[in-house]
Amino acid sequence: MSEDKKSHIEEGTEVYRQGGFHPVYIDDVDLRPTQPDASTEFRALKILSASCYDGSQAPIFEREILTHLRNGDRDQHGYNHVCHLLDDFEHSGPNGTHVCLVFELLGETLRTFGAWFLESRLPSVVMRRFAIQLLLVLDFAHDHNVIHTDIKPDNIFVRFRDYSLVESGYLAHVPIPQQNRSEKQYTPIPSAPLRNDYFSEADHTRAADWADRHLTENIQPVALRSPEVLIRAPWTASTDFWNLGAIVLELYRAVRMFSGAVPPDGHYEVKEHLTEIEHLFGAFPKELLDQGDQELVKEVFGDDGRITDPWDMIRPQLASEEFMPGLEQEDREEFADWLRLAMRILPRERGSAEDLLRHPWLGALQ
């Protein structure tokens, strides 16, 4: 499936054009004479749009970062939880030259994985294991000068336990899609999940930015943005922990922590998003506000670090049944305490990966 950083999984037909995505057909073969003994195992192929590396845009660091992580410290715990780049090459097609990235074959993402469980809530033992492995991945990436910047359920994949089931349990029962190579407008094949026997572990498929060479300052999915990103202050690796905390709640309890939606039509406003953060985590420290965009800061905040003239909102507290349905009060308090450690408003005060792993909610290193 062709894909770049701005595409969705079902990208439509309009992106298959000059400079865009490459049309892929079943049985296509790209022969590489430098590898005569190519493996016959199933692999995942990501074909970037032709514009990604044509020199007309800002550099895309994906291939460089993936190569850097693959060559990292194999003895570090997080290494094995990263979906590493197995190979890369360039392919010339009707829409241009495309960088192609080869990965191991993975299952579905955590965006859809939760639907397997009652009320789309991951069981505690599963969620804790995911959280531990995600923290190990971030610790590994940060130690190698990489900040993810785009942690969301769509970017976290689940591994298979038995890859032979792809052939015996999936391909044997799924009809091969029919394609028309002579059609004027290419029609992509819809994706289909391979739902069979997963490991209970998660892997990132990409990292987005170097710690010291930012591709963009406008990072993270909007509703998951950290306070420093929202007020346009400098950000560091600790922004990933804020991002992680927000999605852990979403995956664990099927509740989104923030929306930024304002009445009556529910459109997004930064001020509302900041108000939601203040409600759960308190006033913004002056140290952080002084680093932000001063025009925005003066428009939104008072001298006490509180939002001025906020929308009237009736929102529950973090450890409430509304935010954490289905948990006992003691479990809610423990989980909320872990979230507060990961999501302190002042970035330098957030817990490290080790701090979060040692927390009683996970207790991985105890």
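The values are calculated or read from the model by the stated rules, or taken from the named source; none is laboratory data. Since the model is a prediction, treat every value here as computed from it, not as a measurement. Counting neighbours? That spans all protein chains shown, and the Cβs are built from the backbone with ideal geometry, glycine included.
Points worth noting:
- Of all residues in region 115-125, those that are surrounded by fewer than 21 Cβ atoms within 10 Å (Cβ to Cβ) and either closer than 23 Å to Leu357 by Cα or in contact with a helix residue (DSSP H, G or I) (Cβ under 7 Å, 6 or more places away or on another chain) (or both) total 5.
- Selection status of Ala283, over 26 Å from the mean Cα position of the chain (by Cα) and under 19 Å from Leu224 (Cα atoms): yes
- Any hit, region 118-129, residues being in a strand (DSSP E or B) and of a type outside the set (Ser, Thr, Tyr): no
- Leading residue by the ranking (farthest from Asp143 (Cα to Cα)) among those in region 235-260 that are in a helix (DSSP H, G or I) and among the polar types (S, T, N, Q): Asn243
- Taken over region 83-102, the criterion of being within 24 Å of Asn155 (Cα to Cα) and in a loop (DSSP other than H, G, I, E, B) is satisfied by Cys83, His84.
- Among (1) at pLDDT 70 or above; (2) among the charged types (D, E, K, R); (3) in contact with a His (Cβ under 7 Å, 6 or more places away or on another chain) - the single one Asp203 does not satisfy: (1)
- Selection count where residues are in a helix (DSSP H, G or I), within 20 Å of His68 (Cα to Cα) and within 16 Å of the chain's Cα centre (by Cα), scope region 141-178: 3
- Under the condition of being in contact with a Leu (Cβ under 7 Å, 6 or more places away or on another chain) and buried (at least 19 other Cβ atoms within 10 Å of the Cβ), the residues counted in region 90-107 number 5.
- Scanning region 239-298 for residues that are under 30 Å from Phe157 (Cα atoms), of a type outside the set (A, V, I, L, M, F, W, C) and buried (at least 16 other Cβ atoms within 10 Å of the Cβ) yields Thr239, Asp240, Asn243, Gly245, Glu250, Tyr252, Arg253, Gly260, His273, Glu276.
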